[in-house]
Amino acid sequence: MDIKVCGPGCPKCTQAEKLVKEAVGETGVEATVEKVTEFQEMAKLGILSTPAVVIDGQVKCVGKVPTKKEILSWIG
Amino acid sequence: MKKIENDAGCASTVETPYPGKNIDNQTKQVKYVLLGLLILAAWFVIYKQLLAFSGFVTFQLFGLNEGSHLGEAVHFFLYDTPKVLMLLTLVVFGVGIIRTFFTPERTRNILAGKRESVGNVLAALLGTVTPFCSCSAVPLFIGFVTAGVPLGVTLSFLVAAPLVNEIALVLLYGLLGWKVAGLYLVTGLFVAIVAGWIIGRLGMENHIEEWVQEIRTNVDDVPDEKLTWDERFLRGWEAVKDIVGKVWIYVVAGIAVGAGIHGYVPEGFMASIMGKGAWWSVPAAVVIGVPMYSNAAGIVPVIHALLEKGAALGTVLAFMMSVIALSLPEMVILRKVLKPRLISAFIVVVASGILLVGYLFNLII
């Protein structure tokens, strides 16, 4: 599974990344978590507001820090 | 617009396929409404008692003299702090709920393909209610422009989003009354609309960085959230925790500074520096305000105190607007997508708009 967390580096984006990593660690799924900070890359993914989480090319959430429950439902 | 309202209205029923569950939901909703009204009533009762309460604490409990420097400063602080925080909580909660109806994606879809003038007005209005954090300025800019939203319309949005915000509105209302709050709202929108429109007329599309133009976005992939009312209320509450949790310290610090000025600085002291007579004070306020970066929460209480001591409303409003609308960090971020000439034009046009507002107020009030 390929997980991308998009955000230029504001506190909210860092928090989103942390939660995603925790969730991956808890479930033990095979996944790579990548932080996207380049605006070009974000634009190509169609992201207008950060933080955003993209899993296997599918945009799962934009403009807010997801809850761990939400993340678990996406990767479970 | 209509489509969004429909989506939102159906959201709670669409997701409940079982009739029994639907009725459960309805009783739950009634309970929420009653609870909400109860809290609102309690809020109102407490709010009305604040003046008497702060007077009692300062002059009876602490035994400070009415009219003394310290007494006036303490009374100011004890009255304004709870008052502003209560107003802030109520409004942030309300706006938090309103914002669940406006996502940047929906706003983009509304603005795409709109004519310029109408687009500028819509963009400024939507800029005030669309949830948006300044670190999203660049992805949002790219998303808007590549979707066919005109440059000037996009900039109207980017000016209005920080300039016209609920925190400044609440503070101005709470500390200076509805007239000043109303003037701020109307002129803030005016600056955003006109500045965007002028930049659109300048035809500076070729001053956007090339790589932006080459990008093809596909925002249709982004899921459109369907929220129930429970979730909307939850978002409102989260907004309160997030925003009030973050700004309360600035509000308290700002009011403390304001209280000091209120109690100790002599009446009319500011009139010579920031009064109507000093023609240069408006440009000076804007020049000092533009590079400064503060949020409205810290700046309004100080403004309140300055006004009391004879500063002119136009000067002070221009200062506040330039602090919250234009900031160095945001310009650095926007530089990634705008070439220097467009950035300069942006700053000059917005600053001129604010200058105009400042002079206008000093002239008519």
Exercise. Within segment B:273-313, can you find the residues that are part of a loop (DSSP other than H, G, I, E, B) and within 18 Å of B:Pro162 (Cα to Cα)?
Worked result: B:Val290, B:Pro291, B:Met292, B:Tyr293, B:Ser294, B:Asn295
Problem set entry | Yes/no for B:Leu360 being more than 30 Å from A:Phe39 (Cβ to Cβ) and assigned to a helix (DSSP H, G or I) | yes
For this session: Mind listing whichever residues of segment B:70-96 are closer than 18 Å to B:Trp248 by Cα and either basic (Lys, Arg) or free of Cβ contacts under 8 Å to residues at least 24 places away in the same chain (or both)?
Result: B:Lys83
For this session: Scan segment B:214-240 and report the pairs whose first residue is more than 13 Å from chain A (Cβ to nearest Cβ) and within 23 Å of A:Leu45 (Cβ to Cβ) and whose second residue is modelled with pLDDT under 80 and part of a helix (DSSP H, G or I), with Cβ atoms within less than 9 Å and a gap of 6+ or a chain change.
Result: B:Lys226/B:Asp7; B:Lys226/B:Ala8; B:Lys226/B:Cys10; B:Lys226/B:Ala11; B:Lys226/B:Val14
Seminar exercise, completed: Every listed condition ((1) modelled with pLDDT of 85 or more; (2) in contact with an Asp or Glu (Cβ under 9 Å, 6 or more places away or on another chain); (3) not aromatic (Phe, Trp, Tyr)) holds for B:Val57 save (2)
Problem set entry | All positions within segment B:58-78 that are surrounded by fewer than 16 Cβ atoms within 10 Å (Cβ to Cβ) and under 18 Å from B:Val252 (Cα atoms) | B:Leu70
Exercise. So which residues in segment A:1-56 are assigned to a loop (DSSP other than H, G, I, E, B), closer than 18 Å to A:Leu72 by Cα and either touching a Leu at 6+ places or on another chain (Cβ under 8 Å) or free of Cβ contacts under 8 Å to residues at least 12 places away in the same chain (or both), if there are any at all?
Worked result: A:Gly28
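Given the structure, is B:Lys309 touching an Asp or Glu at 6+ places or on another chain (Cβ under 8 Å) and modelled with pLDDT of 85 or more? Working first, answer last.
On the way: touching an Asp or Glu at 6+ places or on another chain (Cβ under 8 Å): yes; modelled with pLDDT of 85 or more: no.
Here the answer is no, as B:Lys309 does not meet what is asked.
Could you please give the count of residues in segment B:93-135 that are closer than 21 Å to B:Val240 by Cβ and within 14 Å of chain A (Cβ to nearest Cβ)?
Here is the first cut: in segment B:93-135, the residues closer than 21 Å to B:Val240 by Cβ are B:93-103, B:128-134.
Okay, now just the ones that are also within 14 Å of chain A (Cβ to nearest Cβ), so B:96, B:99-103, B:129-134.
Qualifying residue count for the region: 12.
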For this session: Can you tell me which residue within segment A:1-27, out of those that are at pLDDT below 85 and surrounded by fewer than 16 Cβ atoms within 10 Å (Cβ to Cβ), is farthest from the other protein chains (Cβ to nearest Cβ)?
Result: A:Pro11
Exercise. Within segment A:28-65, restricting attention to residues that are more than 14 Å from chain B (Cβ to nearest Cβ) and not charged (D, E, K, R), which residue is surrounded by the most Cβ atoms within 10 Å (Cβ to Cβ)?
Worked result: A:Ala31
Exercise. Given B:Gly314, B:Gly298, which one is surrounded by 24 or more Cβ atoms within 10 Å (Cβ to Cβ) and under 17 Å from B:Tyr184 (Cβ atoms)?
Worked result: B:Gly314
Exercise. Inside segment A:66-76, can you point out the residues that are surrounded by fewer than 23 Cβ atoms within 10 Å (Cβ to Cβ) and among the aliphatic types (A, V, I, L, M)?
Worked result: A:Leu72, A:Ile75
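Report yes if some residue within segment B:150-158 is surrounded by 19 or more Cβ atoms within 10 Å (Cβ to Cβ), away from chain A (no Cβ under 11 Å) and not in a helix (DSSP H, G or I); otherwise report no.
yes
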For this session: Considering each of B:Leu85, B:Leu140, B:Leu90 in turn, give the residue that is more than 20 Å from B:Met320 (Cα to Cα) and surrounded by fewer than 24 Cβ atoms within 10 Å (Cβ to Cβ).
Result: B:Leu90
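The values are calculated or read from the model by the stated rules, or taken from the named source; none is laboratory data. Not measured: the values here are computed from a predicted model. No Cβ is skipped: glycine too gets one built from the backbone with ideal geometry, and neighbour counts run over all protein chains shown.
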